[in-house]
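As structure tokens, the structure follows; a few thoughts come after it.
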């Protein structure tokens, strides 16, 4: 290693440059959220968080995530099972298709639902007749969020299950296990860390989604505002402290996500090492 | 260009055993030496220290009389061939080989044409002319190794160092390549050192064999010298199959199993105390009837392969031991080697070493 | 046709016994081979035919049909349906309207801005991301693990939070803005701010794509280069960097794709002035708010098409990357 890497001054210079970059682009934005939120002291901070509309936004955010994430989880598991363990024509196309929402701008993700369910949309008249509100109401937000977080679990599981191959599952089948048993007892333990990681990312994104939700929500305070939208409203009213206070909740969520991610990677690596040791 | 290593020591981390433990070694110009030993004996570390890819904790390295201990690898003028070739995957064969010439400072860099010609010459030397445009992933293991060699040779190194060069190849290719390497060395006369754990390879190819164990040199010498006078049971074992008979030295003779007293071979002195008598499988003579100086043993297993009859025997004085003998395939008939048959075996050629463990 | 059907309807008979009413011919064999239905019962016209008839591959593992069906249904409902609505809506507007909208100066300015800023940010991320990946992989220093975890912050942090945080940082009174503005560097509310936001957003894509390649890189290649006389810089530029370039390109492409469509992180810092600092996603939202559905869908479709092309390109790159890596 030492034969090649920079020694002494060159090394320090590179590390310093990297640290400066990290400080400006990663640490500073994070720090300013908390310092601004607390700039007027703890009192206003807590008041902003406990404010009625903020709590309503929090509740909505959690509700939406509670629906979108499990739905995408089931999908992710089903899709990765079909794609990773079987060969069929169009498999690669399906994988690319699943990646689509990743490449689509969040605004477009919201727009498409407006086109479907909005007043002038395909189903608009029918919905209006039956007094079902999708756009500018919670169902629209759920749909848009589901769209945006669609690929997360699948993207984690597919390469993981592909890399693990089919040997274990085939052995289980030959021993008489049925579909669910094979999955539950053989596949799931092998992919549990990847699955957890995908769910975490999915949840973080579901709770933090802004662009798509902004388009479908109508911004009705207390009713169709998620936490990120509430942040925007407060910010546009020049209520910096309150905006950053609510933002700090989301930032804490992000930090928790990073912490769990690090822990998951740590456990996954430990599992890998143990498995290698156990192999004859 | 001679290589001299003096008092070399290298330790990985405090409290760990030394990978190289006060090693002194001297190789003459043009010599082809093998560093031989089991995994973890320090041979690769020693090679890398000579190359400048590792720095020793103490000691000196001299190449052609010049102290290069503090000189970085790129200025030592060594050609290093790695076990897994380390070819530059994104470069063609020609670009790989030309690399050492292209990175020279402007002052000493040859012209583009000169480089091309040198590359062609050395590729012809390793019998890969015509392969210039291929990429490493299109080559077989043996071809890749020859490209690695060509790459190291083109810079006209003072010494050539090879780290288990044939380790990743199959037996057939390995044998061919090592013969070919020997011929190459005979043509070029570059001082060369290679590391191996395969004694057959070392014995077949090298002028001088350095046997290493736990970071120290057990013995160094020609293949012949190591065969004729191994310095320890370890060397004897490492250089070939070895039967180890526990014995006691008394009155200058080796007493095996309390019944057999062997006179030492010419030139060997047997010390008093516990010793090991080491005999190679083909250095026994076998008799069906009672014979002088022979051990009684019972046949456990008999197999014929490679043109030899291989016997597994349990000696009467300690049935828990196993003796392995190799004889001419037609030396005995079926009845004589049936399981349970009794034979008399006499060590014709053997070495005695003080028992260390 | 009747001949082939008759050949297929041969009743099971002991192998080797030809079919009762017709001797097997080459034509029958050809038909038998082409038709997969032969798999359900052995084609007994002759043993050789039975052997050569293809069996339909039976899935060994369970659950294929159900999972595939569910996958297709869900994907169709959640993704395909909405996206087709978009495309169809744009189509029904008529080509004239479409072209008019897409070529209007304001829209073109927005496209130039979005793509230009994303490209610049991706290029910057290539440099910074490579630096960061290098430092994280090759050196040990206090806080390394922490920084490694922080690299994913832009993905974990909601875009709106990132947006207001970056704006606060670079606003004239902000922590960084207060130093930069007197120097003449206006970051907030200019296109520079957009680039800064996109650098933030795209960083993890480059770092996380390059890191594993650097980590798995065969160090012996670098040692070989050193032993051949290369200086550390030469080793880096001639040996290490070329091996990392495919991953770097892929990461850049990912960052670019993400940056083009980014909304939340950008609209706070951008200033959002039409023709100057208005990004395409904002333009779409504005048109929506004005009930200009035709305009919004037209712009969106163009964006979508470009995103698909990008996605395909990225997948190709990633496949190449995977193959190269195992060479």
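Only the coordinates and a few stated rules stand behind these numbers; no lab work does. Model, not experiment: these values are computed from the prediction. With ideal geometry, Cβ positions are generated from the backbone for all residues, glycine too; neighbour counts draw on all protein chains shown.
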- request: Would you calculate a helix-derived [θ] at 222 nm for chain B, using -39,500 (n - 2.57) for each DSSP H run of n ≥ 4 and dividing by the full residue count, to the nearest 500?
  value: -7000 deg cm²/dmol
Sequence-separation-based contact order of segment B:241-354, relative, with Cα cut under 8 Å and 6+ spacing, percent: 30
message: To test your reading of the geometry: what angle, between 0 and 90 degrees and rounded to tens, separates the Cα axis of helix B:171-188 from the longest principal axis of chain B?
response: 60
field: Average beta carbon contacts from partner chains per residue of C:84-96, 10 Å cutoff
entry: 3
task: Over the whole of B:48-54, what's the average partner chain Cβ count within 10 Å per residue? Rounded to a whole number, please.
output: 3
- prompt: If you average the sequence gap of Cα pairs under 8 Å that are 6 or more apart and divide by the length of segment A:52-278, what percent do you get for the contact order?
  reply: 30
statement: CD proxy, 222 nm, chain A: helix-only mean residue ellipticity via -39,500 (n - 2.57) per DSSP H run with n ≥ 4, per residue, nearest 500, stands at -24000 deg cm²/dmol
With Cα atoms, 0 to 90° folded angle of helix B:141-153 axis to chain B main axis: 60
task: Evaluate the distance, in nm, between pseudo-label points positioned 7 Å from the Cα of residue B:66 and of residue B:214 along their respective Cα→Cβ axes.
output: 3.8
task: Take the Cα of residue B:176, step 7 Å along the line toward its Cβ, and report every residue of segment B:127-153 whose backbone nitrogen sits under 18 Å from that point.
output: B:127-131, B:138-150
message: What's the ranking of C:304-310, C:109-115 by average number of surrounding C-beta atoms within 10 Å, highest first?
response: C:109-115, C:304-310
query: By how many degrees, 0 to 90 and rounded to 10, does the Cα axis of helix B:93-102 deviate from the longest principal axis of chain B?
result: 70
query: Applying 1/(1 + (r/R0)^6) with R0 = 60 Å to the Cβ-Cβ distance of residue C:319 and residue B:316, what FRET efficiency is obtained, to the nearest 0.05?
result: 0.30
- request: Using only alpha carbon pairs under 8 Å that are at least six residues apart, calculate the relative contact order of chain B and give it in whole percent.
  value: 16
query: How high is the FRET efficiency between residue C:173 and residue A:238 when r is their beta carbon distance and R₀ equals 22 Å, given to the nearest 0.05?
result: 0.95
task: With a 10 Å radius around each residue's Cβ, average the other Cβ atoms per peptide and rank A:71-77, C:60-66, highest first.
output: A:71-77, C:60-66
field: Those residues of segment B:327-357 whose amide nitrogen sits under 20 Å from the label point placed on residue B:290, 7 Å along Cα→Cβ
entry: B:341-347
message: Using a 10 Å cut-off around each Cβ of peptide B:84-97, what is the average number of partner chain Cβ atoms that fall inside?
response: 4
- line: Rounded to the nearest 0.05, FRET efficiency between residue A:11 and residue A:87 (Cβ-Cβ, R0 35 Å) equals 0.10
